[in-house]
1. Within the stretch 213-242, work out how many residues are outside any loop (DSSP other than H, G, I, E, B) and either surrounded by 13 or more Cβ atoms within 10 Å (Cβ to Cβ) or modelled with pLDDT of 90 or more (or both).
2. So which strands (runs of 3 or more DSSP E) stay within the stretch 82-197 end to end and still have 1 or more residues that are farther than 22 Å from residue 228 by Cα and either outside the structural domain of residue 66 (by TED's automatic domain parsing) or in contact with a helix residue (DSSP H, G or I) (Cβ under 7 Å, 6 or more places away or on another chain) (or both)?
3. Would you confirm whether any residue within the stretch 49-56 is outside any helix (DSSP H, G or I), closer than 30 Å to residue 218 by Cβ, free of Cβ contacts under 8 Å to residues at least 60 places away in the same chain and under 29 Å from the mean Cα position of the chain (by Cα)?
4. Out of all the residues in the stretch 198-212, which are part of a loop (DSSP other than H, G, I, E, B) and in contact with a helix residue (DSSP H, G or I) (Cβ under 8 Å, 6 or more places away or on another chain)?
5. Which condition breaks for residue 42 when tested against (1) in contact with a helix residue (DSSP H, G or I) (Cβ under 7 Å, 6 or more places away or on another chain); (2) farther than 17 Å from residue 100 by Cα; (3) modelled with pLDDT of 80 or more?
6. Kindly indicate which of 174, 168 is surrounded by fewer than 17 Cβ atoms within 10 Å (Cβ to Cβ), within 32 Å of the chain's Cα centre (by Cα), within 20 Å of residue 137 (Cα to Cα) and at pLDDT 90 or above.
């Protein structure tokens with residue numbers, strides 16, 4: 001009956017004869033919605049609801065309980081246990097379709113809202129981390145930039161701005177290899193003598209060092225510039241201090 005009532009809506013339907021079978025199938029499948037008859041052999045509908053709600057929220061898998069007319073008070077109990085809605089037999093095909101579509105729409109909307117909240121929280125957390133890191137970087141007395149995996153500039157410190165004549169705002173969102181005219185370089189750990197472009201167009205001889213930082217969900221790179229006028233001992237000290245700061249931040 002359910003299959004014929006939902007015919008034409010292009011749902012992929014799976015039927016199970018007992019609560020035990022349904023729960024076993026749940027370990028292998030990830031349904032968008034469950035239509036549940038309260039009266040089933042073995043594990044009854046109430047136990048199935050409890051088991052599902054111990055692992056899935058109302059929004060993750062909506063449950064619509066189907067019950068006979070004389071069991072209406074029992075269907076209210078199912079709502080208290082975690083069902084989203086219920087249908088009382090006999091019901092029309094149109095009513096079933098409306099309830100199913102409504103719960104799927106609500107579930108999709110809630111999931112979208114939850115994903116948006118997670119995304120916003122992640123952005124806010126990263127923004128706070130950037131502000132904190134920026135304050136720390138400004139205490140480093142060498143030109144330094146943080147890059148993403150595509151040479152994108154995440155942030156630079158004041159020494160970097162001073163040496164190259166660019167402001168943080170000018171550099172934000174730009175690709176460092178294009179700004180400094182280092183397109184031939186690969187984004188990989190290296191230490192090399194190069195010519196880099198100043199904001200005025202002047203080419204400055206310098207040594208650069210590029211180090212990879214492996215974070216939990218992404219890779220970033222630390223780009224350090226050692227001006228050519230630095231002595232060998234100063235360069236060694238700069239690199240050593242940089243390594244210490246990277247290790248401390250890790």
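The values are calculated or read from the model by the stated rules, or taken from the named source; none is laboratory data. Quick caveat, the model's predicted, so the values are computed rather than measured. Note: ideal-geometry Cβ built from the backbone for every residue, glycine included; neighbour counts use all protein chains shown.
1. Qualifying residue count for the region: 16.
2. 85-89, 144-147, 153-156
3. For the stretch 49-56, residues outside any helix (DSSP H, G or I), closer than 30 Å to residue 218 by Cβ, free of Cβ contacts under 8 Å to residues at least 60 places away in the same chain and under 29 Å from the mean Cα position of the chain (by Cα): present.
4. Passing the criteria: 198, 199.
5. Evaluating residue 42 over (1) in contact with a helix residue (DSSP H, G or I) (Cβ under 7 Å, 6 or more places away or on another chain); (2) farther than 17 Å from residue 100 by Cα; (3) modelled with pLDDT of 80 or more leaves (3) as the failure.
6. 174
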